Amino acid sequence: MTKLKEMIHLDYVTVKPYFTTKNLLLLSAMALFLTAMSANMSSGMGVGLMVATLFVGYPFALGDKSNLDALYITLSVERKTIVQGRYLFTLLLNICAVLLSLAIAALGLLIGKLAGFSSGSGSEGYLASTLILSAIFILVQAIQLPLFFKLGYTKAKILSIVPFIALMVGYMAFMTMRNIS
């Protein structure tokens with residue numbers, strides 16, 4: 001259990017330099033703007049979950065770049081522990097992303113309402129949209145993570161974009177079919 005906690009902490013330390021105040025403020029501002037303008041919490045949630053999905057790949061990218069596999073071998077960390085640690089890190093990152101995205105999206109709705117962009121609450125069905133968006137991004141991550149483990153980040157980065165493309169194509173097809181009906 002201790003090695004598992006250390007693995008999660010190592011992944012956090014690996015990603016932490018990218019959690020700068022500047023980056024977080026920029027992403028928060030984008031989520032606030034999209035939520036306020038669309039008067040829909042899903043816009044802000046989508047930004048937060050997409051960012052989390054991108055951050056999930058960072059430990060793999062930095063591991064490939066810095067050859068962290070050699071470090072794991074020297075520390076006698078089993079492959080099973082590395083895999084479990086990465087998946088738990090991903091779960092914790094997703095939970096944090098959902099909670100922060102909800103807070104930012106709620107603030108975006110308030111700002112949009114005060115600025116007169118919307119008269120409704122914009123939070124109708126927020127639980128359902130949160131669950132659906134979370135499930136979609138977790139599905140994307142469930143496709144990406146095994147690819148990263150099997151092929152390494154460098155070889156799998158092109159393949160890992162396929163779920164994003166499929167998601168966008170599926171969304172556009174859904175919206176087109178919805179507008180036709």
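The values are calculated or read from the model by the stated rules, or taken from the named source; none is laboratory data. Note that the coordinates shown come from a computational prediction; the quantities given were computed from them, not determined experimentally. Positions of Cβ are backbone-derived with ideal geometry, glycine not excepted, and every protein chain shown enters the neighbour counts. Calculation scope for accessible area: heavy atoms of the full protein, side chains included, ligands and nucleic acids excluded. Shrake-Rupley method; radii C 1.70, N 1.55, O 1.52, S 1.80 Å.
Please tell me if LYS22 is over 18 Å from ILE104 (Cβ atoms), open to solvent by 90 Å² or more (accessible area, probe 1.4 Å) and assigned to a helix (DSSP H, G or I). Break it down stepwise before answering.
Working: over 18 Å from ILE104 (Cβ atoms): no; open to solvent by 90 Å² or more (accessible area, probe 1.4 Å): yes; assigned to a helix (DSSP H, G or I): yes.
Spelling it out, it is not the case that LYS22 is over 18 Å from ILE104 (Cβ atoms), open to solvent by 90 Å² or more (accessible area, probe 1.4 Å) and assigned to a helix (DSSP H, G or I).
What's the total number of residues in the stretch 132-158 that are surrounded by fewer than 19 Cβ atoms within 10 Å (Cβ to Cβ) and either aromatic (Phe, Trp, Tyr) or more than 17 Å from the chain's Cα centre (by Cα) (or both)?
Qualifying residue count for the region: 7.
Evaluate the following for ILE95: is it among the aliphatic types (A, V, I, L, M), assigned to a helix (DSSP H, G or I), open to solvent by 90 Å² or more (accessible area, probe 1.4 Å) and without any contact (Cβ under 8 Å) to a residue 40 or more places away in the chain? Quick ask: steps written out before the conclusion?
Numbers: among the aliphatic types (A, V, I, L, M): yes; assigned to a helix (DSSP H, G or I): yes; open to solvent by 90 Å² or more (accessible area, probe 1.4 Å): no; without any contact (Cβ under 8 Å) to a residue 40 or more places away in the chain: yes.
Here the answer is no, as ILE95 does not meet what is asked.
Just one of (1) over 17 Å from LEU133 (Cα atoms); (2) open to solvent by 50 Å² or more (accessible area, probe 1.4 Å); (3) part of a helix (DSSP H, G or I); (4) small (Gly, Ala, Ser) trips up SER76, so point out which.
(3)
For ILE82, only one of the following conditions fails: (1) free of Cβ contacts under 8 Å to residues at least 40 places away in the same chain; (2) part of a helix (DSSP H, G or I); (3) more than 15 Å from the chain's Cα centre (by Cα). What is its number?
(1)
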